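Enquirer: Just dropping this structure here.
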Amino acid sequence: MPKQKSKRANGEGSFYQLPDKTWVHQITLGRKPDGSLDRKTFKAKTRAACVGRRDAYIEERRRREIEGQAEQARAAELLAEMQKRGHAIESETLFSDAFPHWLKLFKSPPTKKATTYSGYLNTYQTHFAEYFGPMPLYEITRDVVQEYYNSKQLSGSRKDGKTGALSPKTIRNHHMILRDFFDYAVDKYKLLANPAIKTDRPEVIRPRMRVLDPDEMSVFLHEVMRETQRTAILFDLFMGLRVGELLAAEVDDIHIKTQSITINRNIIRVSTTAIDPSNPQIRILNYNPMKKTHLIVQETPKTKNAVRNIPISDAVFELLAKRLYYLQQSGWPNPYNLLFPSTTGSYIDPKSFEIRLREISKRCEIKKVNPHALCHTFATRLVEEKVPLTTVQELMGHASVATTQRYVTTMPHEMRKAVENISIFLNPDSSLEVKKLNGAKDRMKYSDVRLPTWLQTEPAAVET
């Protein structure tokens, strides 16, 4: 009798050769969720090599299964521990350790601008560190965050020496930072929920922006002509630049042929702790790590939209040309090739510029003239001249028209002009010229309705 073929052992799989003599080995691992067979195929030049690859695959599969089981066991232990404690072990991390780590990782240069990091860092050092710092994260509940917001609305909550409470807008900014951080902490430190969610903050009521009316503007301009930096102030008022953009402008930014200026940098003062000397996007002026703050020049302005090219009017360009000729003849040092250098050739500090405006304001007896007031005045005058908001937006480098709208204030003289325009319909002479509308009826819809006696304007008809 012929010799019977031995049956393959269970799981051994099948072998066959392709026309090119390559061996193929296939094994069945089980079934897929849809019920079909789950197979694995191995190819090699020899049958033995296929078996070797199969054995290595099965060993690696077994190792992963063991690691997965161990991971599940650890997760079960952690879950049991969390249920026992009421919180995850990771959430016992102190706020004073977790928040600065998040700040450095996600809000510092080069991810964010030095100015953004400086503002966040100042908020932490001035407010968050004292209130939340010693607390483990799991103890910072929604009630704790709400109590923080409430406390900052009370007098004496400021740490900058000023009296009174924090403004609603400042508290709103604090909320945005905390909400962002705790979103991260929910994943990183296994918090059960974001405690900043579903809290209440004071309503932010935007104050009326300071805008010079035409009379104030005339007085202000007359007084500005006495200033050494008069061209810089006039340039700011008639170009709508942010003060940092104005004071960082260089002579090479001026384009004679197109009579325009390119805005692509700004200058601002930030905390030294927020500065990274190796950051190529900033230029630190007179760096000294022992100083509390530094002036830095950023190669990009406030937003992407802030990089722009602005046309210069003939009148302003004439003032600017005279200024440049004066700088050339004066002998002032100007190593940075600045458009508006100080008398010593350095950058003008934005704070110093603001102080000069304040002094002019006092001499004119006009209140609250600052760089923001100049920008708001620029935007308002343009809108009064019927310039489209989208054009004003591009000139000022705003990210959206909504931002530009906040810069525009309707002046009293414009409101009076508007009501006077509509009041012409009250002119008695014009009522004589009114024509009867086509299709008009003599009797109104409610002409037969009898009004109550105290509202009647005519005597009631006497019934007979």
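Enquirer: Would you please list the contacts, defined by Cβ atoms under 7 Å and residues six or more apart or on different chains, that run from a residue in the range 123-136 that is outside any helix (DSSP H, G or I) to a residue that is surrounded by 13 or more Cβ atoms within 10 Å (Cβ to Cβ) and acidic (Asp, Glu)?
Expert: Sorted first by the residue in the range 123-136, then by its partner, the pairs are Pro136/Glu92.
Enquirer: Hey, another quick one. For the range 344-354, indicate whether the set of residues that are over 22 Å from Glu223 (Cβ atoms), part of a loop (DSSP other than H, G, I, E, B) and under 23 Å from the mean Cα position of the chain (by Cα) is non-empty.
Expert: No, that holds for no residue.
Enquirer: So which residues in the range 358-378 are in a helix (DSSP H, G or I), among the hydrophobic types (A, V, I, L, M, F, W, C) and either in contact with a helix residue (DSSP H, G or I) (Cβ under 7 Å, 6 or more places away or on another chain) or over 15 Å from Leu246 (Cβ atoms) (or both)?
Expert: Ile360, Cys364, Leu374, Cys375, Phe378
Enquirer: Go through the residues of the range 335-342 one by one and say whether even a single one is within 30 Å of the chain's Cα centre (by Cα), aromatic (Phe, Trp, Tyr) and either not in a helix (DSSP H, G or I) or not assigned by TED's automatic domain parsing to the domain that holds Lys113 (or both).
Expert: yes
Enquirer: Report yes if Asn337 is within 20 Å of Asn264 (Cα to Cα) and surrounded by 13 or more Cβ atoms within 10 Å (Cβ to Cβ), otherwise no. Please lay out each step first, then the result.
Expert: On the way: within 20 Å of Asn264 (Cα to Cα): yes; surrounded by 13 or more Cβ atoms within 10 Å (Cβ to Cβ): no.
So Asn337 does not fit the description; no.
Enquirer: I would also like to ask the following. Suppose we filter Thr410, Thr391 for residues that are at pLDDT below 85, outside any loop (DSSP other than H, G, I, E, B) and under 23 Å from Arg208 (Cα atoms); which single one remains?
Expert: After ruling out the rest, the residue left standing is Thr391.
Enquirer: Confirm whether Lys322 is outside the structural domain of Pro100 (by TED's automatic domain parsing) and part of a loop (DSSP other than H, G, I, E, B). Can you show your working first?
Expert: On the way: outside the structural domain of Pro100 (by TED's automatic domain parsing): yes; part of a loop (DSSP other than H, G, I, E, B): no.
Against the criterion (outside the structural domain of Pro100 (by TED's automatic domain parsing) and part of a loop (DSSP other than H, G, I, E, B)), Lys322 does not qualify.
Enquirer: Then there is this: Taking the condition of being in a loop (DSSP other than H, G, I, E, B), touching a strand residue (DSSP E or B) at 6+ places or on another chain (Cβ under 7 Å) and within 27 Å of His101 (Cα to Cα), how many residues in the range 265-291 meet it?
Expert: First, the residues of the range 265-291 that are in a loop (DSSP other than H, G, I, E, B): 265, 275-281, 285-291.
This time we only want the ones that are touching a strand residue (DSSP E or B) at 6+ places or on another chain (Cβ under 7 Å), so: 265, 275, 277, 281, 285, 287.
When the remaining residues are screened for being within 27 Å of His101 (Cα to Cα), the result is 275, 277, 281, 287.
Count: 4.
Enquirer: Let me ask something else. In the set Leu237, Leu221, which member is part of a helix (DSSP H, G or I), aliphatic (A, V, I, L, M) and within 20 Å of Lys351 (Cα to Cα)?
Expert: Answer to the selection: Leu237.
Enquirer: Which residues, counting only those in the range 175-204, are charged (D, E, K, R) and under 15 Å from Phe106 (Cα atoms)?
Expert: Arg179, Asp180, Asp183, Asp187, Lys188
Enquirer: Which condition does Thr343 not pass, out of (1) of a type outside the set (D, E, K, R); (2) over 25 Å from Val307 (Cα atoms); (3) surrounded by 14 or more Cβ atoms within 10 Å (Cβ to Cβ), if it passes all the others?
Expert: With respect to (1) of a type outside the set (D, E, K, R); (2) over 25 Å from Val307 (Cα atoms); (3) surrounded by 14 or more Cβ atoms within 10 Å (Cβ to Cβ), Thr343 is out only on (3).
Enquirer: In addition: Take Glu67 and tell me if it is of a type in the set (Asp, Glu), within 30 Å of Tyr189 (Cβ to Cβ) and modelled with pLDDT under 90.
Expert: Taking the combined requirement at face value, the residue does not satisfy it.
Enquirer: Cβ-Cβ under 8 Å, sequence separation 6+ or interchain: first residue in the range 247-264 and part of a helix (DSSP H, G or I), partner among the small types (Gly, Ala, Ser). Which pairs?
Expert: Sorted first by the residue in the range 247-264, then by its partner, the pairs are Leu247/Ala232.
Enquirer: Have a look at Arg226, Arg179, Arg201, Arg206 and point out the one that is surrounded by 12 or more Cβ atoms within 10 Å (Cβ to Cβ) and outside any helix (DSSP H, G or I). Quick ask: steps written out before the conclusion?
Expert: Numbers: Arg226 fails: surrounded by 12 or more Cβ atoms within 10 Å (Cβ to Cβ); Arg179 fails: outside any helix (DSSP H, G or I); Arg206 fails: surrounded by 12 or more Cβ atoms within 10 Å (Cβ to Cβ).
Result: Arg201 is the single residue among Arg226, Arg179, Arg201, Arg206 that is surrounded by 12 or more Cβ atoms within 10 Å (Cβ to Cβ) and outside any helix (DSSP H, G or I).
Enquirer: Oh, and also: Of the numbered conditions (1) modelled with pLDDT under 95; (2) outside any loop (DSSP other than H, G, I, E, B), Val145 satisfies every one except a single condition; which is it?
Expert: Val145 satisfies every listed condition except (1).
Enquirer: Residues that are of a type in the set (S, T, N, Q), in contact (Cβ under 8 Å) with a residue 24 or more places away in the chain and crowded, with 18+ Cβ neighbours inside 10 Å: does the range 281-304 have at least one?
Expert: Yes, the conditions are met somewhere in the range 281-304.
The values are calculated or read from the model by the stated rules, or taken from the named source; none is laboratory data. All of these numbers come straight from a predicted model, not from anything done at the bench. Because the Cβ atoms are built from the backbone with ideal geometry, glycine has one as well, and the counts that use them run over all protein chains shown.
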